[in-house]
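S.K.: Would you mind keeping the following structure in view while I ask a few things?
The values are calculated or read from the model by the stated rules, or taken from the named source; none is laboratory data. Small disclaimer: the values here were computed from a predicted structure and weren't measured. Here Cβ is always computed from backbone atoms with ideal geometry, including for glycine, and neighbour counts include all displayed protein chains.
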Amino acid sequence: MTTVAIIILPMLLDGSSEDRARVESAIPQPPEIEINSLTVEETSQKMLEMAEASKAKLPVMEEDTAVLVQDSANFSLNENGLPISWSFQLGSFREESNATRLRQTLRDKGYRSYILSSEADDKLFRVYVGPMVNKEKLLKAQIQIEAELELSGQVVRYRIEDDRYQLGG
């Protein structure tokens, strides 16, 4: 019985020659490429054009970054070669929902804000505005925020190393 199945099944499952012709695909001929058609100068020009097109797609600098470039007196690097920046800490909360609510209020008013959570057992959620490299600009924002929200806070040094504790959103 097995021998009969081995002989007959391939004949049944193989399909007709018409089915095989229908399944076969036509592979197109490879394109003809002229390797020596471009000169070194043309290639260099094309590369420059591509670089300019890529540069045009870069994001526009934010106002705070533009100040960094224009006003080097307010710009310095820390021991790790990173720009020294400042943030305005507005509150510490035990409940994440309270911190999230304050962050959203700040964002609704147009302030860049974020939350950092502490590692300690008494986990706190701290809300910040910033970071900014121009401390004077942040101090002006502090006065405005404290007046608008009737909250007080403090300006602290921003450390990029703390970003690992940042809450998403």
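S.K.: Given the condition modelled with pLDDT of 65 or more and surrounded by 10 or more Cβ atoms within 10 Å (Cβ to Cβ), answer yes or no: does some residue in the range 54-72 qualify?
M.R.: Scanning the range 54-72, I find no residue that is modelled with pLDDT of 65 or more and surrounded by 10 or more Cβ atoms within 10 Å (Cβ to Cβ), so the answer is no.
S.K.: So which residues in the range 90-136 are of a type in the set (Lys, Arg), outside any loop (DSSP other than H, G, I, E, B) and without any contact (Cβ under 8 Å) to a residue 60 or more places away in the chain?
M.R.: ARG101, ARG107, ARG126
S.K.: Can you tell which of SER87, SER44 is assigned to a strand (DSSP E or B), among the polar types (S, T, N, Q), modelled with pLDDT of 70 or more and surrounded by 10 or more Cβ atoms within 10 Å (Cβ to Cβ)?
M.R.: SER87
S.K.: Can you name the residue in the range 141-160 that is exposed (fewer than 14 other Cβ atoms within 10 Å of the Cβ) and in contact with a Ser or Thr (Cβ under 9 Å, 6 or more places away or on another chain) and, of all such residues, is modelled with the highest pLDDT?
M.R.: ARG157
S.K.: Name every residue in the range 95-121 that is of a type in the set (D, E, K, R) and farther than 18 Å from SER152 by Cα, in order of residue number.
M.R.: GLU95, GLU96, ASP108, GLU119, ASP121
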